[in-house]
Each structure stands twice: as C-alpha cells, then as structure tokens.
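K.L.:
Have a look at this one before I ask anything.
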Amino acid sequence: MDRNDILTQACELYLHGGLDAVSMRRLARDLGVTAPALYKHYDSREEILLDVVSEAYRLCAEHLSVALSGSTPADRFRLAGRGYLDFALGNPKLYEMMYAPAHTLGVERFPETLTARMAGVGQFFTDRVRECIAAGLLHGHLDAREVSLTLWAHAHGLISIFLRDCLDMDEEMFRQVYHDSGWRTLHAMATAEYRPTTPTTTTASHAT
C-alpha cells in the first residue's frame, strides 16, 4: 500500500458519500490495513482530503490540455471551454471538491503546492485569452487575466446551478445554453475577426 492507493480509495469514498464518508477508520477497513498503517503515509484525514482536491485539479488540467491540440488560437480557446465543461459534467463531485472552502476540509488555508495547482488551471485560461488578443480576435486594450476571470465566473456559475438541479433542462440542452450564453458574454470583447461556431437559440425554463 502506498499514498496512491490511499488517495484512490479516498476519492472513491468521497464520490459515493461526500466528505463525511472519508475517515481514517473507513479507509483502513476498505484497504484491509490498520489505521496506524495509514499514518505512515498521511499525517491526518485533512491531508488526505487536500490530496483529493489536488487530484481534482490534476484531472481538470488533463481535460484542459486537450485544447492544445487546436491549430489556431480560436480553436484552443473554444476547446479549453469545452474541456472545462466536459470535466465538470463528467466528474460533478470532483468539480464541487475543487471549490470546497479550506475550512470545510479542516484547514485554515491551502498549502502552497495546492494553490500552485489551482493557479495553473487559471493560468491556462489566461494564456488562451492572451493568444486571442495577440491574434486580433479579442480587442487589444483588454487585460487577459480580467477577461479570463470574467469568462470563468460565467462558466462556473452556469455549471454550478446546473449541477444543483436549478435548471429545468437535460445535459444536451445545457451544453447548448452554455455555448450560446458564453458567446453572448464574449461578444462585446470580440473583434470582427472572431468567428464563433454558429449558436442555436435555446429556450429554457428555470426552476426556483
């Protein structure tokens, strides 16, 4: 047994039962070891939970990296947005874990190794925006980081309310809403050189 075995089982427990399901006793039982054996690899439950968060960011970054296969800045920009959505919808519990406040994990602040991984995901989006500005697809006076933050906030907000069943629509409809709404947000920042994929008007009702 090593740290990876413990992390894998901790992720499974979290995915099926949430934060409360992850305990040293339960992990030891599921792994067929004694609780003291776990402490040879992890100092505490909190340290394990932080590694679950780190794993969520690693998997998200893996999805985003597909965007680098795009042949143009516009392609890479669109693929990044799609990769983020694919990760969130395919891994809703891990997506939620990415944004868990530190205090819910039993710590005052995140360690630097984790904040660096968090920053890496943000930087990936900023780099895609910066490419589009340099290519003349977005207005040159824009600040890449501010644009990236605006677009992320919009995407995260939409995804979060969908995952909480606040929208009366299936995944296919939501994907179209995500696309169309993202373009409406971006439209004022885009130059005439930017040509999005053709959006389809979607009518959706909202559950409250």
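K.L.:
For the stretch 59-71, check the following and say yes or no: at least one residue is surrounded by fewer than 16 Cβ atoms within 10 Å (Cβ to Cβ), out of contact with any helix residue (DSSP H, G or I) (no Cβ under 9 Å at 6 or more places or on another chain) and in the same structural domain as V129 (by TED's automatic domain parsing).
P.N.:
Within the stretch 59-71, one or more residues are surrounded by fewer than 16 Cβ atoms within 10 Å (Cβ to Cβ), out of contact with any helix residue (DSSP H, G or I) (no Cβ under 9 Å at 6 or more places or on another chain) and in the same structural domain as V129 (by TED's automatic domain parsing).
K.L.:
Can you pull out every residue in the stretch 101-135 that is assigned to a helix (DSSP H, G or I) and without any contact (Cβ under 8 Å) to a residue 24 or more places away in the chain?
P.N.:
If we filter the stretch 101-135 for residues that are assigned to a helix (DSSP H, G or I), which is where we start, we get 102-105, 112-134.
Passing the criteria: A102, H103, E112, T115, A116, A119, Q123, T126, D127, R130, I133.
K.L.:
Next question. Exactly one of (1) part of a helix (DSSP H, G or I); (2) modelled with pLDDT of 95 or more is unmet by E96. Its number?
P.N.:
Exception for E96: condition (2).
K.L.:
Yes or no: Y99 surrounded by fewer than 16 Cβ atoms within 10 Å (Cβ to Cβ), in contact with a helix residue (DSSP H, G or I) (Cβ under 9 Å, 6 or more places away or on another chain), of a type outside the set (K, R) and closer than 14 Å to H156 by Cα? Break it down stepwise before answering.
P.N.:
Numbers: surrounded by fewer than 16 Cβ atoms within 10 Å (Cβ to Cβ): yes; in contact with a helix residue (DSSP H, G or I) (Cβ under 9 Å, 6 or more places away or on another chain): yes; of a type outside the set (K, R): yes; closer than 14 Å to H156 by Cα: yes.
Yes; evaluated as a whole, the condition is true for this residue.
The values are calculated or read from the model by the stated rules, or taken from the named source; none is laboratory data. None of these values were measured; they are calculated from a predicted model. Counting neighbours? That spans all protein chains shown, and the Cβs are built from the backbone with ideal geometry, glycine included.
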